[in-house]
Amino acid sequence: MFQGASNFAKGVDSAFFFIFAISIFFLVGLTIVMIWFMVHYNRKRHPKAEQIKDNMKLEVTWTVIPLIIVMLMFYYGYAVFKPMRQVPDDAMVVKVTGRMWNWSFEYANGKISNELVLPVGKAVKLNLFSPDVIHSLYIPAFRIKEDMVPGKDNYMWFIPNIEGTYEILCAEYCGLRHSFMEAKTRIVTEEEFQKWFAEETPIVPEDKGLAILQNNACTSCHSLDGSKLVGPTFKGLFGSERLVMENGVEKTVTADSTYIKRAILEPDKEIVKGFAPGMMRAYDKVITEDDIKAIVAYFESQSKLPN
Amino acid sequence: MTSNNSALHPGSYLDQQGKYKGILGWLTSTDHKRIGILYLMCILVFFLVGVTLGGVMKLELLRPGEQYIDAQTYNGFFTVHGIIMIFMVVIPGLAAVFGNFFLPIMIGAKDVAFPRLNLFSWYIYIVGAAIAVLSQFGGKGAPDTGWTFYAPYSIDSNTNVTTAVLAAFVLGFSSILTGLNFIVTIHRMRAKGMTWFKMPLFPWSLYATAWIQVLATPIVGITLLMVIAERTFRIGFFDPSLGGDPILYQHLFWIYSHPAVYIMILPAMGVITEIIPTFCQRKVFGYQAIVLSSLAIAGVGYLVWGHHMFTSGMSDFSRMAFSFLTFIVAIPSAIKVFNWIATMYKGSIKINTTFLYSISFIFQFMIGGLTGLTLGALATNVHVHDTYYVVAHFHYIVFGGMGFAFFAAIHYWFPKMFGRMYNEKLGKIGWAIVFSGFTLLYFPMFILGLQGMPRRYFDYLPEYSGGHFISSIGAFVLITGIIIMVYNLFRSAKKGELAPANPWDGRTLEWTIPSPPPLENFDNEVVVTEHPYDYK
Ligand code: HEM
Ligand SMILES: [Cu+2]
Ligand SMILES: [Cu+2]
């Protein structure tokens, strides 16, 4: 895990090493002095304290030397950091969207993936976007991290230099499933990358409704396969009888198009029994009337499939 | 003036005074000492609640996956844990408890400048705390934003964020008024002959702190009001979907909250600066250097807030400038450490519980400070920002620093405050367990952070389970130690040996009056001629 796998890793690690070495020197040195004083000038051994006068020279010394040292640390940190913001012109551009609570990576040819596949040894620039709250793209093995701030453009770049699969984590707290907001980056050879890039058809689901569900990250809380996540599953939703709580009163409703629409626009009004209110945001002004129709159509089509 | 049966000393502040008896007598008293004790009790309760929440979080993190609480509960827990510890424990902390109790005595005054305002500040604190408690219940559930209330999540979350933000807002007023009171007290009420540079160093640190409280707290106040307005009336300050700017929020928040770190640590440094000379029987080394470094920290501390935002997309120039200033502010802290250690040189050192807590303060403060350097340097910050490295770093500063200074202070001044000695043996056992538990709990978090474990994670990848496991064990050890310490103090307050006026051979003014002090502290007007740390 300490293994670095990008062009920045070596610089960052050596900056750590530099600062740690000096820090440990001071920590250990001062601690030893302190303990030595405690033993040597212990009251039993040294019943009478000697009064020492202040010493201007000493004060100046232990102001100036640390000052010089921290300036070196500052400079080291800055020098290694500077290139992190200077993207080479030939970098391949990937658009990254981090939303509550998943990642998607969009390539120049329109291909969208939920895994960041990159060729080894080639510079890549990630343009960072968030449609909802702040997230932060963090790849520990590459020693890089940058926030994705809604309404602001931000970016990061790097050259992955060892083939392998590495974790992508979200480092800025973004709500309920923050700690589950993971993805992988797979670093492969140029040929492999080209094959992946060209061959695989972009995973744009044929069904428009499903695409809307996925693009709005509905499916990160509502499963399609019947498993229980943060919210109830979408499987077998359409036309089913739902036991819901409205203002603390239990009632049964049929999941028809109006019910589904209400559940999207005012999720807290009726809560399916066994789930907590306040978990889902209201999607009014986010998902349009037409999109809701498409979603309902998708649910309906699913209910017609043979089991 | 000294009397051996001082607990029976008539007219002690603990005896009934004024027209009300018992608890009502406490709730209406404007005596600075009683107000100090009121804060002490409240802070103790909140601290123990905060510790319990921390303990439950560590229990959940003992193993990966969901154990005892679900993700939403966990998120609520670290949010209240942070709110309690920051706004209700460490920010009032030393200033409200020991500042109230000892500032007037140490400068030879009968009380603070505005005793009634002082009691009023305590009531504001209680109202703020009550609102914070309220935010945990009813409505749409406990707030889940973290104590930092970052927008736009804090605008979108439909939990009781407004209530929690209101609590922080109200608590801020208590802090401002206490600061104001102390500034006026120090300017106007010093004893005859106590020039600025004859003032002891704990009051000096309170003075520097008070200015930060008065000048920085209003900024967070207005920011929190903006959050409330945005949530209630949909006015777009911070949420981009309403036309606001999330980075603006972060600037405003940290302009206060970084200096707030110094609100907690400066008085802690002040306490340690009192204790070391007393237990070494030596004049403090570099009195003026220590004063100037306090003022420098208070000043430069205002200019470094951006180091919390190195990865936020802030301009590259700001990143560099804030990194530079952050390294500058490290220097005055280093100067203090050197002076403390130099004070021990050729002293006559008495090692007891108080001193052990002080020494562990210095040790842990060094670790907290030195790891701060990797957070201040840009290249390394990018890797460890928002990981467990930060969680370890700030617990080392706030808990290992401020918290341990608080433990040192309560032992140091215990005989004065309650007129009895604490049990030394149990005290030392408690210290040993607290210290080892602390190290076991927080040190592994540095490693976890370096390995890339982000903070505020309910669940984690299997490669982080070793570190979390050890750290959770540490939490249980630490909590055991805290229980022993608190037990010892409570028992000693009732059954301890009676304390003489000056059990440690201190030189500052509080040791010249009986333990516990009489109602108005001094029988006669105090005249100061000597330097506060003139040991013969
Ligand atoms: C036994 C004592 C304590 C334990 C076990 C403990 C444990 C924890 C844990 C597990 C977290 C959450 C880490 C995360 O998920 O990112 C945390 C966060 C925090 N702790 Fe503690 N802690 C303790 C004492 C303290 C003290 C004494 C203070 C302050 C004086 C403090 C201040 C904080 C703050 C400010 C946070 C950040 C909350 C946030 O991320 O919003 N803790 N602590
Ligand atoms: Cu996140
Ligand atoms: Cu800061």
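The values are calculated or read from the model by the stated rules, or taken from the named source; none is laboratory data. Because the structure is predicted, anything quoted here is derived from the model rather than measured. All Cβ positions, even for glycine, are placed from backbone atoms using ideal geometry, and neighbour counts span all protein chains on display. Surface areas here come from the heavy atoms of the whole protein model, side chains and all, with no ligands, DNA or RNA. Shrake-Rupley method; radii C 1.70, N 1.55, O 1.52, S 1.80 Å.
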Which residue, A:Gly231, A:Gly248, A:Gly164, tops the fluctuation ranking in a GNM of chain A built on C-alpha contacts under 10 Å? A:Gly248
In the protein assembly as shown, taking the dipole from +1 charges on Lys and Arg beta carbons and -1 charges on Asp and Glu beta carbons about the Cα centre, the listed residue (A:Leu27, B:Phe365, A:Thr61) farthest towards the positive end is A:Thr61
Computed, not fitted: 222 nm per-residue ellipticity of chain B from DSSP H runs ≥ 4 (each -39500 (n - 2.57)), nearest 500, equal to -21000 deg cm²/dmol
Hey, if you put +1 on the Cβ of every Lys and Arg and -1 on every Asp and Glu Cβ in chain B, which of B:Leu177, B:Leu242, B:Val161 ends up farthest toward the positive end of that dipole? B:Leu177
Summed residue charge, Cβ within 9 Å of A:Arg281's Cβ, Lys/Arg positive, Asp/Glu negative: -2
Can you list the aspartates and glutamates whose alpha carbon is less than 15 Å from that of B:Lys350, not counting same-chain residues fewer than 8 positions off? A:Glu50, B:Glu274, B:Glu424, B:Asp505
Which Rg and Dmax, in Å, describe the Cα atoms of the protein assembly as shown? 29.2, 97
Could you order peptides B:401-408, A:21-28, B:235-242 by the average number of other Cβ atoms within 10 Å of their residues, highest first? B:401-408, B:235-242, A:21-28
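Within chain B, what's the longest run with no GluC sites (Glu not before Pro) in a DSSP loop and at most 11 other beta-carbon atoms within 10 Å? Give the range, please. Please report the intermediate quantities before stating the final value.
Details: sites that count: B:Glu525, B:Glu530.
With a cap of 11 other Cβ atoms within 10 Å, the longest stretch comes to B:1-524.
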In vacuum, with every alpha carbon of the range B:176-247 counted as one equal point scatterer, what does the Debye formula give for log10 I(q)/I(0) at q = 0.17, 0.23, 0.26 Å⁻¹? Two decimals, please. -0.68, -0.94, -1.07
Judged on accessible area alone, 1.4 Å probe, highest first, A:Ile65, A:Ile19 line up as A:Ile65, A:Ile19
So what is the diffusion coefficient of the range A:108-263 in µm² per second by Stokes-Einstein at 37 °C and 0.692 mPa s, using a Kirkwood Rh over Cα pairs? 178
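Hey, what D do you get for the range A:9-85 in µm²/s if you plug the Kirkwood alpha-carbon radius into Stokes-Einstein at 10 °C and 1.306 mPa s?
Numbers: Rh = 15.7 Å.
In µm²/s, the coefficient rounds to 101.
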Whole-number percent relative contact order across chain B, with pairs defined as alpha carbons under 8 Å at least 6 apart: 20
Given the convex hull of the Cα atoms of chain A, what is a quarter of its surface area in nm²? 26.2
Under DSSP loop assignment and at most 16 Cβ neighbours within 10 Å, longest trypsin sites (Lys or Arg not before Pro)-free interval of chain A: A:123-227
Overall Cα dimensions of the range A:220-307 - principal axes, largest extent first, Å: 35, 30, 23
Can you give me the relative contact order of the range A:205-303 as a percent, contacts being Cα pairs under 8 Å and 6 or more apart? 30
Taking Cα atoms only, helix A:190-199 is inclined relative to the longest principal axis of chain A by an angle, in degrees rounded to 10, of 20
Probe 1.4 Å, all chains present, heavy atoms only: B:Asp245 accessible area in Å², nearest 10, is 50
Counting only C-alpha contacts under 8 Å and six or more residues apart, can you give the relative contact order of chain A as a whole percent? 14
What whole-number distance in Å separates the alpha-carbon centres of the range B:494-536 and the range A:96-160? 63
For chain A, the longest principal axis of the Cα atoms and the Cα long axis of helix A:289-304 enclose an angle in degrees, to the nearest 10, of 70
Using alpha carbon centers only, the range B:364-433 is separated from the range B:180-249 by a whole-angstrom value of 23
Any DSSP H helix in chain B with Cα axial reach of 27 Å or more and mean Kyte-Doolittle score of at least -0.5? Listed by number, the hits are B:32-60, B:115-134, B:161-188, B:201-233, B:246-280, B:316-344, B:353-376, B:424-451, B:465-495
Nearest 20 debye, what's the magnitude of the dipole of the range B:331-476 about its Cα centre given +1 on Lys and Arg Cβ and -1 on Asp and Glu Cβ? 700
Whole Å is fine, so just give me how far the alpha carbon centre of the range B:150-167 lies from that of the range B:293-353. 32
What nm distance separates the two modelled labels at A:Tyr155 and A:Ser14, each placed 7 Å from Cα along Cα→Cβ? 2.6
State, to one decimal in nm, how far the label point of B:Val184 lies from the label point of B:Leu27, with both points 7 Å from Cα in the Cβ direction. 2.6
Counting only DSSP beta bridges with both residues in chain A, tell me the antiparallel percent, nearest 5. 75
So for chain B, what are the equivalent ellipsoid semi-axes in whole Å, largest first, each being the square root of 5 times an eigenvalue of the Cα gyration tensor? 37, 25, 24
Loop only per DSSP, at most 14 neighbouring Cβ atoms within 10 Å: give me the GluC sites (Glu not before Pro) in the range A:215-250, ordered by residue number. none
With a cap of 15 neighbouring Cβ atoms within 10 Å, and only residues DSSP puts in a loop, list the GluC sites (Glu not before Pro) found in the range A:24-117. A:Glu50, A:Glu115
How large is the charge dipole for the range B:467-520, taken about the Cα centre, if only the Cβ atoms of Lys, Arg (+1) and Asp, Glu (-1) carry charge, to the nearest 20 debye? 240
Which entries in the list A:Lys57/B:Lys336; A:Lys208/A:Lys235; B:Lys346/B:Lys425; B:Lys110/B:Lys536; A:Lys82/A:Lys122; A:Lys10/A:Lys125 go over 23 Å, if you measure between the two C-alpha atoms of each? B:Lys346/B:Lys425; B:Lys110/B:Lys536
In Å, descending, principal axis extents of the Cα set of the range B:108-188: 50, 23, 13
Which Cα, out of A:Pro83, B:His307, B:Ile331, lies furthest along the positive dipole direction of the protein assembly as shown (beta carbon charges, K/R +1, D/E -1)? B:Ile331
Length released on extending from A:Glu50 to A:Tyr75, taking residue separation times 0.36 nm less the Cα-Cα span: 4.8 nm
Nothing charged except the Cβ atoms of Lys and Arg (+1) and of Asp and Glu (-1): what's the magnitude of the dipole of the range A:177-282 about its Cα centre? Round to the nearest 20 debye. 480
